[in-house]
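Let me begin by presenting the structure, written as structure tokens, before commenting on it.
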Amino acid sequence: MRRILLILLILVGAYYAKAIVAPPAQMIGWEQSDTREQYFQWRQYGFGELRAGRLPFWNRYAYCGTPFMANVQTALFYPPNAIFLVMKTARAINWSFIIHALIAAAGIALFLRRLGVPGIGQLCGGITFVFSAPFICQVAVGHLTLINTIAWTGFIFWAVLCASERPSVGRAVTIAVFAALALLAGNTHNFFYL
């Protein structure tokens, strides 16, 4: 499994190499993408407020003000988004896409391993999922929360399969943890497809 994960890491790293070495203000995706038009501002405002020690209950910059923390797409409580507290927003967005591509590939490989698929099949499954049109095209148009949500698909399937084979409280908690991560990632309608 380590060799498969290493190969997936190399492939994802190679694909996103330009984003890894990009200047701090350059982001993945098209110029008119949701990442630039929406998620960048939300992440900048929300995590800027958290860095300043304030909870961003209200976004006074949109319309005449809108609830901010209550909007699930802000993903303020999504643990991997902690990178937005320590990195510049554009760079953190790039790394979020990269990290979630790795999570997605590893999750599918793990799920396939549990199904008994040989190593080459696990590798091909991880590659196919993370480089498929539905995944890559969502990166290009900047659907950050969608990518963050569907990245947990493999881990959720793996946890459900493990629990169905030998039910236990621990395995139910594992399902709940991965499902909670997918839900907190901010794209609720795709979460419900899982």
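The values are calculated or read from the model by the stated rules, or taken from the named source; none is laboratory data. If you're wondering where the values come from, they're calculated on a predicted model, not measured in any experiment. As a convention, Cβ positions derive from the backbone with ideal geometry for all residues, glycine included, and neighbour counts pool all protein chains shown. Surface areas here come from the heavy atoms of the whole protein model, side chains and all, with no ligands, DNA or RNA. Shrake-Rupley method; radii C 1.70, N 1.55, O 1.52, S 1.80 Å.
Could you tell me whether segment 146-153 includes any residue that is closer than 18 Å to N187 by Cβ and in contact with a strand residue (DSSP E or B) (Cβ under 9 Å, 6 or more places away or on another chain)?
Step one: filter segment 146-153 for residues closer than 18 Å to N187 by Cβ, giving 146-153.
From what is left, the residues that are in contact with a strand residue (DSSP E or B) (Cβ under 9 Å, 6 or more places away or on another chain) are none.
No, the conditions are met nowhere in segment 146-153.
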**OP:** Would you mind finding the one in R51, R91 that is basic (K, R), exposed (fewer than 13 other Cβ atoms within 10 Å of the Cβ) and either free of Cβ contacts under 8 Å to residues at least 60 places away in the same chain or more than 21 Å from L183 (Cβ to Cβ) (or both)?
**Re:** R51
**OP:** Check off (1) aliphatic (A, V, I, L, M); (2) open to solvent by 20 Å² or more (accessible area, probe 1.4 Å); (3) under 12 Å from the mean Cα position of the chain (by Cα); (4) more than 28 Å from R51 (Cβ to Cβ) for A105 and give me the number that stays unchecked.
**Re:** (2)
Original post:
Given (1) modelled with pLDDT under 95; (2) closer than 27 Å to T35 by Cα, where does G119 come up short, assuming only one miss?
Top reply: (2)
Subject >> segment 1-48, subset among the basic types (K, R) and without any contact (Cβ under 8 Å) to a residue 12 or more places away in the chain, residue surrounded by the fewest Cβ atoms within 10 Å (Cβ to Cβ) >> reply: R2
Subject >> Members of segment 140-175 that are under 15 Å from the mean Cα position of the chain (by Cα) and open to solvent by 50 Å² or more (accessible area, probe 1.4 Å) >> reply: H143
**OP:** Quick one: count up the residues across segment 176-194 that are in a helix (DSSP H, G or I) and open to solvent by less than 60 Å² (accessible area, probe 1.4 Å).
**Re:** 9
Subject >> Sole exception among (1) open to solvent by 40 Å² or more (accessible area, probe 1.4 Å); (2) closer than 14 Å to N148 by Cα; (3) not aliphatic (A, V, I, L, M) for H100, by number >> reply: (1)
Original post:
Taking segment 63-75, which residues are under 16 Å from F40 (Cα atoms) and open to solvent by less than 20 Å² (accessible area, probe 1.4 Å)?
Top reply: F68, T74, A75
